[in-house]
Amino acid sequence: MHLEANFDGLVGPTHNYAGLSFGNVASQSNADAHSNPKAAALQGLDKMVSLSRLGLCQGVLAPQARPDLDTLKQLGFSGTPGQILDRAYQQAPQLLMACYSASSMWSANAATVSPSADSADGKVHFTPANLVNKLHRAIEPAQTGRTLKAVFGDPNHFVHHSALPGHEAFGDEGAANHTRLCSAYGDQGLQLFVYGRSAYDSSKPAPQRYPARHTLEASQAVARLHQLDPAHTLYIQQNPEVIDQGVFHNDVIAVGNRNLLLCHEQAFLNQKDALAQIRQRFGEQLHIMEVPTSAVSISSAVSSYLFNTQLVTLPDGRHVIIAPTECQENGEVAAYLQYLVEGDSPISDVIHFDVKQSMKNGGGPACLRLRVALSAAERQAVNSACLMDEENYQHLSAWVERHYRDRLSRDDLRDPSLLLESQTALDELTQLLKLGSIYPFQRV
């Protein structure tokens, strides 16, 4: 039996609001606010265990080690760790904040994953995203690769690729711009890659205000690496006009699962033709729920993260939306979700979660998770210590309570004790999750 597992990124001890993500409205609007790493991590864990209790396969991915001293050294800062932090704080605070970012919590950006049902060699393929558009994320891919290999380590089932070349022509934002549609998780699916621009085809339009972070050429390269069948692979361009309104990834304007696709009517360039292509490739069983602008404006979609919800199929076959509480607080969005549940759509329920610490930094429920379709044998090959159950939830919650601060400001980033606290916490975490020495500081 095949299933879809959601592997959520665990919020790191240095979760802070630095406003690093140009084009992400929430990230920029909350810059310099005080964060609460403890609350953020516990909110994430609550969502994970709740999905596990619903009967879904739920996993956890360890955060990256921050601050990234190696990057600061590469940028010319030297001395003891405390001196490096202080000098960076004094001379280049933006660089220090980038190297302190806990953005790896949003594991939808960690990688693109193709299941064995779609790959020519019958294995699950992983390619870490290079995230070259943002410095604070461009320093993640090497660690992402080590973490994924520690969770999905069996070469009989899993293939790990290196990130694409770190050049803007191959800007790759991972699963945030990738959706797999299928009749059942074990069936051949349609891999839908959504890109913001083409690096080499100037005839394709591009946004003017905010960057298009993901290129067509990156998606094509990942499809080749994953040995995907061109007949079951489709490249669709995101609407550049909505990118300029704060829709920095496709998962802010569309979400899919199984044979369901929920999207805004302005999600794609030339949307009528785009949806026709998707229907033609998938077949008659595809159910598209297209949200009109008259019902939900782009600004409401962005502020509530209506489309950055998780669309999941429960073991009893019901389709449920996992939404942030912000969707309850927006009148347009709340009314539309009620319409979906009470109407003739396949959606049977909406379950809301408080992930406000993540939302304030620009990431909703869907940002927090990487989707991995697995056969029964593949699931058995996953590092079981990284799968969520009640015992793991209790251990991880206690770990957060022991190690995380409940308040973090920009000034705290110069404190060398924060570095020691983070390393101590992560060293213990690798033992809890049986990851081995995946962090550079563990190898010194």
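The values are calculated or read from the model by the stated rules, or taken from the named source; none is laboratory data. Computed from a predicted model, the values in this text were never measured in an experiment. All Cβ positions, glycine included, derive from the backbone under ideal geometry; neighbour counts span all protein chains shown. Remember, those area values only see protein heavy atoms, side chains included, never the ligands or the DNA or RNA. Shrake-Rupley method; radii C 1.70, N 1.55, O 1.52, S 1.80 Å.
Going by what's in this entry, would residue 385 be described as surrounded by fewer than 18 Cβ atoms within 10 Å (Cβ to Cβ) and not in a loop (DSSP other than H, G, I, E, B)? Answer is yes for this residue. Scanning segment 277-314 for residues that are part of a strand (DSSP E or B) and either crowded, with 21+ Cβ neighbours inside 10 Å or under 22 Å from the mean Cα position of the chain (by Cα) (or both) yields 291, 310, 311, 312, 313. Scanning segment 295-317 for residues that are in contact (Cβ under 8 Å) with a residue 60 or more places away in the chain and under 22 Å from residue 356 (Cβ atoms) gives 302, 303, 305, 310, 312. Tell me which residues, restricted to segment 398-416, are among the small types (Gly, Ala, Ser) and under 14 Å from residue 37 (Cβ atoms). If the condition is that a residue be among the small types (Gly, Ala, Ser) and under 14 Å from residue 37 (Cβ atoms), then 409 is the only one that fits. Consider segment 190-211 and keep the residues that are modelled with pLDDT of 95 or more and touching a Phe, Trp or Tyr at 6+ places or on another chain (Cβ under 9 Å). The one that is nearest to residue 247 (Cα to Cα) is 196. Within segment 254-270, being open to solvent by 10 Å² or more (accessible area, probe 1.4 Å) and over 21 Å from residue 340 (Cα atoms) holds for 269, 270.
Look at segment 183-196: where a residue is farther than 14 Å from residue 233 by Cα and a partner is not in a loop (DSSP other than H, G, I, E, B), sitting 6+ places away or on another chain with Cβ atoms under 7 Å, you get 185/3; 185/4; 185/373; 196/238; 196/243.
Of the residues making up segment 199-207, one or more are surrounded by fewer than 15 Cβ atoms within 10 Å (Cβ to Cβ), charged (D, E, K, R) and touching a residue at least 12 places away in the same chain (Cβ under 8 Å).
Determine whether residue 46 is open to solvent by 10 Å² or more (accessible area, probe 1.4 Å), at pLDDT 95 or above and in contact with a Cys (Cβ under 7 Å, 6 or more places away or on another chain). In short, no.
With respect to residue 177, determine if the residue is more than 21 Å from residue 65 (Cα to Cα) and open to solvent by 40 Å² or more (accessible area, probe 1.4 Å). No; evaluated as a whole, the condition is false for this residue. Applying the criterion of being more than 25 Å from residue 384 (Cβ to Cβ) and acidic (Asp, Glu) to the residues of segment 141-174, the residue that is most open to solvent (accessible area, probe 1.4 Å) is 168. Test residue 251 against the criterion of being touching a residue at least 60 places away in the same chain (Cβ under 8 Å) and either in contact with a Leu (Cβ under 8 Å, 6 or more places away or on another chain) or open to solvent by 20 Å² or more (accessible area, probe 1.4 Å) (or both), and give yes or no. Criteria not met by residue 251.
With respect to the conditions (1) closer than 27 Å to residue 127 by Cβ; (2) at pLDDT 95 or above, residue 403 lacks only one, and its number is (1). Close contacts from segment 91-108, counting a first residue that is closer than 18 Å to residue 62 by Cβ and a second that is acidic (Asp, Glu) and at pLDDT below 95, with Cβ to Cβ under 8 Å and a gap of 6+ residues or different chains, come to 108/251.
Considering only residues of segment 244-276 that are under 21 Å from the mean Cα position of the chain (by Cα) and farther than 19 Å from residue 310 by Cα, which is modelled with the highest pLDDT? Among those that are under 21 Å from the mean Cα position of the chain (by Cα) and farther than 19 Å from residue 310 by Cα, it is 268. Can you find a residue that is among the small types (Gly, Ala, Ser) and assigned to a loop (DSSP other than H, G, I, E, B) anywhere in segment 421-431? No; the residues of segment 421-431 include none that is among the small types (Gly, Ala, Ser) and assigned to a loop (DSSP other than H, G, I, E, B). Of all the numbered requirements in (1) open to solvent by 20 Å² or more (accessible area, probe 1.4 Å); (2) closer than 30 Å to residue 321 by Cβ, residue 82 misses one, and that requirement is (2). Among the residues of segment 225-241, is any of a type in the set (A, V, I, L, M, F, W, C), more than 25 Å from residue 317 (Cα to Cα), touching a residue at least 12 places away in the same chain (Cβ under 8 Å) and in a loop (DSSP other than H, G, I, E, B)? No: segment 225-241 contains no residue that is of a type in the set (A, V, I, L, M, F, W, C), more than 25 Å from residue 317 (Cα to Cα), touching a residue at least 12 places away in the same chain (Cβ under 8 Å) and in a loop (DSSP other than H, G, I, E, B).
Scanning segment 122-149 for residues that are under 18 Å from residue 180 (Cα atoms) and assigned to a loop (DSSP other than H, G, I, E, B) yields 122, 123, 129.
Going by the conditions given, is residue 213 out of contact with any strand residue (DSSP E or B) (no Cβ under 8 Å at 6 or more places or on another chain) and crowded, with 17+ Cβ neighbours inside 10 Å?
Taking the combined requirement at face value, the residue satisfies it.
Scanning segment 389-407 for residues that are open to solvent by less than 80 Å² (accessible area, probe 1.4 Å) and not hydrophobic (A, V, I, L, M, F, W, C) yields 389, 392, 393, 397, 403, 404, 405. For segment 162-182, a residue qualifies if it is farther than 20 Å from residue 267 by Cβ and either in a helix (DSSP H, G or I) or at pLDDT below 95 (or both), and the qualifying residues are 168, 169, 170.
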